[in-house]
Amino acid sequence: MTVTVADITQTLPVPDSSVDVCFVATVLHIPGVKKHADQLFAELRRVLVDGGTAVIIECSSKDLSFGPPEAMRLSADEVEAMAARCGFVAAKRVDLGFNYLINQQLGQPGG
């Protein structure tokens, strides 16, 4: 396994269709990242293999004692809509308490 840490608002330093899973955690709500959401998901699409998964974690709105201000938070529906514009299908949502996780897959649901 190879782990690459990179600036998701820039071109990722990996070849096309070479990654099985991309992990993006608690950054989509940041204004400087959110404004690049379409490019971000397009870049994930570029590097992921067909059927690859983008794992997205964001802060939930159900407990505001942790994380960014409520006005900055993104709902799971908003994140799924961002990803869908680039061909991702939400395969699974998981409630993590302060956060939620969405597995976004390229291609058809279930495979």
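Numbers at a glance
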{"item": "Selection within the range 1-29 - of a type in the set (D, E, K, R) and either closer than 27 Å to residue 77 by Cβ or under 13 Å from the mean Cα position of the chain (by Cα) (or both)", "result": "7, 20"}
{"item": "Test: residue in the range 1-9 that is touching a residue at least 40 places away in the same chain (Cβ under 8 Å) and in contact with a strand residue (DSSP E or B) (Cβ under 8 Å, 6 or more places away or on another chain)", "result": "no"}
{"item": "Within the range 70-92, considering residues that are more than 12 Å from the chain's Cα centre (by Cα) and either part of a strand (DSSP E or B) or basic (Lys, Arg) (or both), the one farthest from residue 50 (Cα to Cα)", "result": "73"}
{"item": "Any chance residue 67 is at positive phi, surrounded by 15 or more Cβ atoms within 10 Å (Cβ to Cβ) and either aliphatic (A, V, I, L, M) or not in a helix (DSSP H, G or I) (or both)", "result": "yes"}
{"item": "Hits in the range 17-40 - residues which are part of a helix (DSSP H, G or I) and either of a type in the set (D, E, K, R) or surrounded by 13 or more Cβ atoms within 10 Å (Cβ to Cβ) (or both)", "result": "33, 34, 37, 38, 39, 40"}
{"item": "Residue 74 surrounded by 16 or more Cβ atoms within 10 Å (Cβ to Cβ), within 21 Å of residue 39 (Cβ to Cβ) and touching a His at 6+ places or on another chain (Cβ under 8 Å)", "result": "yes"}
{"item": "Qualifying residue in the range 10-18 (condition: within 19 Å of residue 85 (Cβ to Cβ) and of a type in the set (D, E, K, R))", "result": "no"}
{"item": "Inter-residue pairs, beta-carbon under 6 Å, first touching a residue at least 40 places away in the same chain (Cβ under 8 Å) and in the range 89-100, second in a strand (DSSP E or B), 6+ apart", "result": "99/57; 99/59"}
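Values in this text are rule-based calculations from the coordinates and carry no lab data. What you see is a predicted model; the values in this text were computed from it and never measured. We place every Cβ from the backbone using ideal geometry, glycine too, and count neighbours over all the protein chains shown.
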